[in-house]
1. Which numbered condition trips up A:C269, out of (1) under 27 Å from A:M196 (Cβ atoms); (2) of a type outside the set (S, T, Y); (3) touching an Asp or Glu at 6+ places or on another chain (Cβ under 9 Å)?
2. Those residues that are closer than 20 Å to B:G22 by Cβ, in a helix (DSSP H, G or I) and touching a residue at least 12 places away in the same chain (Cβ under 8 Å), I need them from the stretch B:89-125; list them, please.
3. Is it fair to say A:K315 is within 30 Å of B:E114 (Cα to Cα) and either within 11 Å of another protein chain (Cβ to nearest Cβ) or assigned to a loop (DSSP other than H, G, I, E, B) (or both)?
4. What's the number of the only condition in (1) within 8 Å of chain B (Cβ to nearest Cβ); (2) assigned to a helix (DSSP H, G or I); (3) crowded, with 18+ Cβ neighbours inside 10 Å that A:A256 fails to meet?
5. Inside the stretch A:171-204, can you point out the residues that are loosely packed, with under 13 Cβ neighbours inside 10 Å, part of a loop (DSSP other than H, G, I, E, B) and at pLDDT 90 or above?
6. Out of all the residues in the stretch A:271-278, is one or more assigned to a helix (DSSP H, G or I), outside the structural domain of A:L57 (by TED's automatic domain parsing), crowded, with 16+ Cβ neighbours inside 10 Å and over 16 Å from the mean Cα position of the chain (by Cα)?
7. Please specify each residue of the stretch A:180-203 satisfying the condition of being of a type in the set (D, E, K, R) and away from every other protein chain (no Cβ under 11 Å).
8. Does B:C70 satisfy the condition of being touching a His at 6+ places or on another chain (Cβ under 9 Å) and more than 10 Å from chain A (Cβ to nearest Cβ)?
Amino acid sequence: MSPFDALKEKIKQALPDLDYVIGWQQGFDSLHATPLFMRTPEDVDRLIWNPLCVHNLSTYLPSLKGKKVGIVLKGCDSRGVIELLQENLVERENLVLFGMPCSGVVDLTKIRRKVGDLERVSGVTIDDAALVATTPEGEVSMPRDEIAADKCLVCQFHNAIEPDHFEGDPLPPSTGADLGGDELAMLEAMAPAELMTYWAKQMERCIRCYACRNACPMCVCRDHCIAQSRDPHWLTQEDTPREKLMFQLIHTMHLAGRCIQCGECQRACPVDIPILALRRKMDRVIRELFDYQAGLDAKATPPLSTFQVEEANIKERRW
Amino acid sequence: MPILAGKELRIVGFLCNWCSYGGADTAGVGRFTQPTDLRIIRVPCSGRIDPLFIVKTLLSGADGVLVSGCHPRDCHYTSGNLLARRRLEALKRFLPIIGVEPGRFEYTWVSASEGQRWQQVVQRFTEQVHALGPSPANAIFGACGETAQDKGGSSVAI
């Protein structure tokens, strides 16, 4: 029995005790997967597990408090669950975690750059080396590492952390460059005014759809988000780059020390604004200052919720 | 003679009610001359300061932001400044990525009796911000508080 069949068997066995199990199914076309909520054994047969399963399903968990749910996890998604556990936003006894080794997911933006328009793709086959898309002009073969999401190229967590059921052989961590190092180096090389202009330009495209927030597993305020609150009135409804950048900075600051670097914000962005760079910078700052990475230890305290009287890495600022 | 000749810049200072605000008062009572670019906002504790206050202030066109609280271990609320220190340090290291020069934001500690020190802090920070010049934020994002009409929106005679 293949690991995937074994996983489906495990889910079927667990289903009677659960409200449902969340996974992925084939979506509206061959390139998209969509979330699947499995309630019956027949639903489980629709489950898929391949590099098109890009969504971080842990986003659903905070709103399901009180329900007993199972969830299929990639390694990076499991950091979301750990972080939610750490913040008491989900209850461990109500969760069943299913995992398989993940060899990386695709970045549809990179595929779009190669094939022009995703709607022209009528069929897809995927193996370990390449993704082959069928287009009107013929088959386009794309090596996996050219279309992989950036996070997957340097992934340290191919296997779910602390799963209840894990099928298949765990993969070793990838070795690679610093995550987003090139992008940050490019930004940091700019002069300050030029950099601010860069962000203002990028933000002009933003349509304030808040997909970045809604896809984020750690954005848990939802209906109480200060982006829409009138008291305090942090943001107006104006579509100016200032307001939009302010929203991104609110998102980044509220994720400081909590962001699990799953990249869902940027993936969900319909206009491809490189907002992940802001989160990566903050992640790097938190690692430098507190030697801490979010989503690895459910018992840890987020670094900005605590302090030490003598900080190891903060120089006292006395003029 | 004014300490800084030339045009004033807009610097916003968030001061803890218990120490630095008192320190600024002590400096005033002691008649220590200071640059007048700084506008003070009094807060109950440096721990009250959401880093987003600073981000919003800078994006809205302030040329510099200064945060000052009680010295570590001296907080009126035991640990507000220690929590603030982590947040402010993270913010300080993060800000350059959005194009804010590191020198436009500083945080420091001044106690109520340190009038002389307050004078030095204000003077040094004001000089530092003047060396950087006016913030580019207004030029890039447009002046803050512009109405829709200023930006070419519907023009209704008022």
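The values are calculated or read from the model by the stated rules, or taken from the named source; none is laboratory data. None of these values were measured; they are calculated from a predicted model. Neighbour counts are summed over all protein chains in view; Cβ atoms, including those assigned to glycine, are modelled from backbone coordinates with ideal geometry.
1. (3)
2. B:G115, B:Q116, B:R117, B:W118, B:Q119, B:V121, B:V122, B:Q123, B:F125
3. Working: within 30 Å of B:E114 (Cα to Cα): yes; either within 11 Å of another protein chain (Cβ to nearest Cβ) or assigned to a loop (DSSP other than H, G, I, E, B) (or both): yes.
Yes.
4. (2)
5. Result: A:A189, A:A191.
6. Applying the first criterion (assigned to a helix (DSSP H, G or I)) to the stretch A:271-278 yields A:276-278.
Narrowing the set further to residues that are outside the structural domain of A:L57 (by TED's automatic domain parsing) leaves A:276-278.
Filter again for crowded, with 16+ Cβ neighbours inside 10 Å, leaving A:276-278.
From what is left, the residues that are over 16 Å from the mean Cα position of the chain (by Cα) are none.
Scanning the stretch A:271-278, I find no residue that is assigned to a helix (DSSP H, G or I), outside the structural domain of A:L57 (by TED's automatic domain parsing), crowded, with 16+ Cβ neighbours inside 10 Å and over 16 Å from the mean Cα position of the chain (by Cα), so the answer is no.
7. Let us first name the residues in the stretch A:180-203 that are of a type in the set (D, E, K, R), namely A:182-183, A:188, A:194, A:201.
Scanning the stretch A:180-203 gives a single hit, A:D182.
8. Values: touching a His at 6+ places or on another chain (Cβ under 9 Å): yes; more than 10 Å from chain A (Cβ to nearest Cβ): yes.
Yes; evaluated as a whole, the condition is true for this residue.
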